[in-house]
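Read the figures in this text as sums done on the coordinates, not as results from a lab. Note that this is a predicted model, so its numbers are computed, not measured. Glycine gets a Cβ as well: all are built from the backbone with ideal geometry, and neighbour counts include every protein chain shown.
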Amino acid sequence: MIGPDVAGIAEKLGVAADTVTAIGQLAAETGLDVDAAYAVQTALLQRRLARGERLVGLKMGLTSRAKMAQVGVDEVIWGRLTDVMRVPDGGTVDVGAYIHPRVEPEVAFLLDRLPEPGEPVGAFTDAVRAVAPAIELIDSRYADFRFSLPDVIADNTSAAAFVVGPWSPVPDGLENLGVLLEIDGRVAQVGSTAAILGDPRRALDEGVRLAGRHGVRLREGWVFLAGAATAAVPLRPGAHVRAVVEKLGTASLRAAS
Ligand code: OOG
Ligand code: MG
């Protein structure tokens, strides 16, 4: 049997992002399974690297119940972050560059040396140099933000942009810090880092394990997004967004009006 057309699906998703045009889901009609979907994601990354982007990190998705419930997919997933997706803290994004952007509060880790695949994951303190509050801007390339598990994996887990706030040394406890998402000074979402797999450090273990299955090893200096602690909120023109994580501080962005 001929497998799904990995390169063709990657091209469709890449063009959808480049032209800011939603497309229909692809997995059911093309027989895309999870492994083939990660192959599509890799092809999409190659497409970005070919135009000069650099791989700068890895993101986890659907590590909280709130996120799983919001999108109706209940498996932890991971995707790739490139330099072009990074927005400086306090920076401005153009909502017109995205199909239906949403923002969500995250915790970011700055990675140190990590074990090889198959090696036991070392103590968290060896793997992480610093931690920061972050905002992820997600933008599904599928119409109505609706997708199956292989669809969202192929679409690089809806990754579009991210902001990392100030880095700090890893505090003693990370497993129960309050998280707020504020839009224009009003609280839009409230949560806790406990929502991220019980402890955001577990997201790193999962990332090493799940990416390792596909031959991807996390690297020193990478940014690692542990996954949103709350549901995501639509980003409207002119909005001022802040993610506040107790003990870690604030990351912010503005949407141009
Ligand atoms: C998938 C990406 C999920 C997270 O933090 O859970 C994600 C989506 O919601 O479109 O980035
Ligand atoms: Mg996210």
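Plugging the Kirkwood radius over Cα pairs into Stokes-Einstein for the range 1-117, at a temperature of 37 °C and a viscosity of 0.692 mPa s, what D comes out in µm²/s?
199 µm²/s
Using the 2.2 N^0.38 Å rule of thumb for compact globular proteins, work out how the range 6-255 stacks up: its C-alpha Rg over that value, please.
After normalising by residue count via 2.2 N^0.38 Å, the value is 0.93.
Which is farthest toward the positive dipole end of the chain among TRP222, GLY178, VAL164, measuring Cα position about the Cα centre, with Cβ charges +1 (Lys, Arg) and -1 (Asp, Glu)?
Ranked along the dipole, the leading option is VAL164.
What residue among THR125, ALA188, HIS240 has its Cα farthest toward the positive end of the dipole of the chain, where the charges are +1 on Lys, Arg and -1 on Asp, Glu, each on the Cβ?
HIS240
Using per-residue counts of other Cβ atoms within 10 Å, averaged over each peptide, order 196-208, 76-88 from highest down.
Output ranking for 196-208, 76-88: 196-208, 76-88.
Going by how many other Cβ atoms sit within 10 Å of their own, how do ASP155, ASP184 line up, fewest first?
ASP184, ASP155
Would you mind ranking LYS67, LYS59, LYS247 by Cβ crowding within 10 Å, fewest neighbours first?
With the sparsest Cβ surroundings first, the list reads LYS247, LYS67, LYS59.
Quick check for me: using +1 on Lys/Arg Cβ and -1 on Asp/Glu Cβ, what's the dipole size of the chain about its Cα centre, in debye to the nearest 20?
The dipole magnitude comes to about 400 debye.
Straight-line reach from LYS247: which lysines have a Cα under 28 Å away, not including same-chain ones fewer than 8 places off?
Excluding near neighbours in sequence, the set is LYS59, LYS67.
Is it possible to state the helix-based mean residue ellipticity at 222 nm for the chain, with each DSSP H run of 4+ residues giving -39500 (n - 2.57), the sum divided by total residues, to the nearest 500 deg cm²/dmol? What is it?
That calculation yields -7000 deg cm²/dmol at 222 nm.
Considering the chain as a Gaussian network with a 10 Å cut-off on Cα pairs, which listed residue, VAL170, VAL244, VAL223, attains the greatest mean-square fluctuation?
Result: VAL170 has the largest fluctuation of those listed.
For the chain, with the dipole built from +1 on Lys and Arg beta-carbon atoms and -1 on Asp and Glu ones, taken about the Cα centre, which of VAL87, GLN41, GLY3 lies farthest toward the positive end?
VAL87
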